[in-house]
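I have placed the structure first, in the form of structure tokens, so that the comments after it can refer back to it.
The values are calculated or read from the model by the stated rules, or taken from the named source; none is laboratory data. The model shown is predicted, which means the values in this text are computed figures rather than measured ones. Positions of Cβ are generated from backbone atoms using ideal geometry, with glycine treated the same way; all protein chains shown enter the neighbour counts.
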Amino acid sequence: MAKRIKILVIDDEESIRFAFGRYFEGRDCDVAVAASARDGLERYRAFGPDVVFLDVRLGDASGLDVLNQIREDDSDAAVIVITAYSSLETVARAMRSKAFDFLVKPLDLDRAAELVSQVMACRAAAAAAGGLGQGEADTAQPRLVGTTAAMQEVYKSIGKAALTDATVLILGATGTGKEVVARAIHEHSARRERPFVAVNCGALPENLVESELFGYVRGAFTGADGDKPGRFESAGGGTLFLDEVGELPAAAQVKLLRFLDTHTVERLGSVKATELDVRIIAATNRELSEAISRGLFRDDLFYRLAVIQIALPPLAARAEDILPLARHFLALLAPPGEAAPPITQEAAAVMARHTWPGNVRELRNAIEHARTVSGGGPILPVHLPDAVRRTTIPNTSADNLSRAMEEYLSHFANAAGDLHRAALEPLERALLKRVLAEAGGNQSEAAARLGVHRNTLRNKIRQFGLDADDAQ
């Protein structure tokens with residue numbers, strides 16, 4: 001007879017404890033619950049659970065402090081952190097204490113069951129391998145702002161990436177904060193005391209790319225009067241961030257691939273290989289699959305770079321973060337000792353209507369403009385750049401859309417019963433199917449683009465009966 005899995009739920013919300021108990025007790029599991037940090041620790045020591053679901057916010061203590069105490073008792077305990085409001089600081093602390101994973105509210109119990117299965121599979125593998133070893137990621141002040149579901153996924157990816165030395169490929173449109181994410185990975189990794197060197201590959205003249213990245217020796221070319229280390233050597237022991245890596249010319253791609261395979265570089269004009277300990281994080285706003293099909297980017301290099309992929313959502317897909325980001329930028333711009341000026345409701349409404357094609361970078365520039373124009377006073381709509389204040393849908397598009405909507409709704413004029421559902425469900429299903437297809441079936445990416453929680457997307461996929469090709 002198979003051993004029953006023992007699950008402990010530490011959460012101060014009775015409804016959550018009840019939901020976990022009812023769900024798992026019918027699935028060959030024994031469930032114990034606790035409503036406080038103190039009771040949770042006592043139950044943990046008495047019950048000896050295989051898996052712990054631990055809320056970050058408990059009435060009598062922080063769940064992260066409980067996680068640390070559990071770690072002191074058992075360094076291999078499998079703890080899944082439950083959180084509704086996460087930040088990079090929260091994720092970093094939890095990852096440093098080796099949380100197994102995160103479960104974001106509103107809870108998806110099917111996802112919770114998947115995590116339990118992963119825990120048990122890892123334990124079985126660890127029994128053969130002699131234990132699960134993980135590195136540690138220390139904490140630092142977060143530079144990312146946002147509490148939306150899309151940003152929760154980004155924080156989680158950063159925390160996991162920081163625990164390894166694997167190469168990372170950050171994908172996202174211009175201005176989404178790719179370098180900020182790269183720095184966050186570095187600052188929360190074991191390399192944080194070593195250099196972080198950033199290179200914009202697209203800004204380097206093609207004839208200087210190799211010498212800038214890999215260095216050169218005296219006499220390598222006209223004007224090379226002495227030896228010069230490249231950016232790889234400058235990042236020794238630390239992290240090299242290659243922004244816009246898709247712009248690298250073919251010869252540099254070959255050398256980068258060789259470094260990833262051998263961890264050695266050769267300066268231009270030299271045949272001596274130098275071994276280096278450097279972690280590579282790359283980023284691009286290009287569609288690399290298209291560049292590969294056109295022969296502009298090596299597919300083998302792509303696979304070596306994309307060991308871990310992090311997709312950054314556009315700012316429009318996380319609209320709830322716009323105002324917190326704006327206030328954050330105002331605080332950064334405020335003189336030492338001075339409070340940041342407030343943003344009026346009218347200005348906030350204008351910012352909410354704007355589509356932000358330049359993403360977070362455009363928002364920061366807009367706030368800097370507004371701060372300067374306002375003279376340090378409250379931010380009004382008039383202080384925002386014209387491009388932000390004048391966001392409108394072109395009349396032709398509006399007219400066409402209006403006519404199309406009238407024609408579509410006319411089909412439901414005589415519908416009986418739930419007219420609201422009958423009219424909206426086909427539109428919602430078509431939207432989900434299209435976004436899932438554009439995201440290649442990646443539910444996290446699709447949820448980020450839609451601006452909804454991944455659990456909400458999963459429920460919609462089930463509701464509309466989308467098949468595996470749509471929602472892999």
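Of the residues making up the range 434-448, just one is crowded, with 18+ Cβ neighbours inside 10 Å and among the charged types (D, E, K, R), namely E445. Of the residues making up the range 434-472, those that are modelled with pLDDT under 80, hydrophobic (A, V, I, L, M, F, W, C) and either more than 19 Å from the chain's Cα centre (by Cα) or not in a helix (DSSP H, G or I) (or both) are A437, A439, V452, F464, L466, A468, A471. Just wondering, is there one or more residues in the range 182-199 that are without any contact (Cβ under 8 Å) to a residue 12 or more places away in the chain, more than 19 Å from F302 (Cβ to Cβ) and not in a helix (DSSP H, G or I)? Checked the range 182-199: at least one residue is without any contact (Cβ under 8 Å) to a residue 12 or more places away in the chain, more than 19 Å from F302 (Cβ to Cβ) and not in a helix (DSSP H, G or I). Within the range 145-173, being of a type in the set (V, I, T), under 14 Å from E89 (Cβ atoms) and outside any loop (DSSP other than H, G, I, E, B) holds for V154, I158. When the range 311-339 is filtered for residues that are surrounded by fewer than 18 Cβ atoms within 10 Å (Cβ to Cβ) and assigned to a loop (DSSP other than H, G, I, E, B), the ones remaining, listed by number, are A334, P335, P336, G337, E338, A339. Looking across the range 249-282, the residues that are of a type in the set (K, R), free of Cβ contacts under 8 Å to residues at least 60 places away in the same chain and farther than 21 Å from A203 by Cβ come down to R258, R267, K272.
The number of residues in the range 251-291 being surrounded by fewer than 17 Cβ atoms within 10 Å (Cβ to Cβ), among the β-branched types (V, I, T) and either assigned by TED's automatic domain parsing to the domain that holds A439 or not in a strand (DSSP E or B) (or both) comes to 3.
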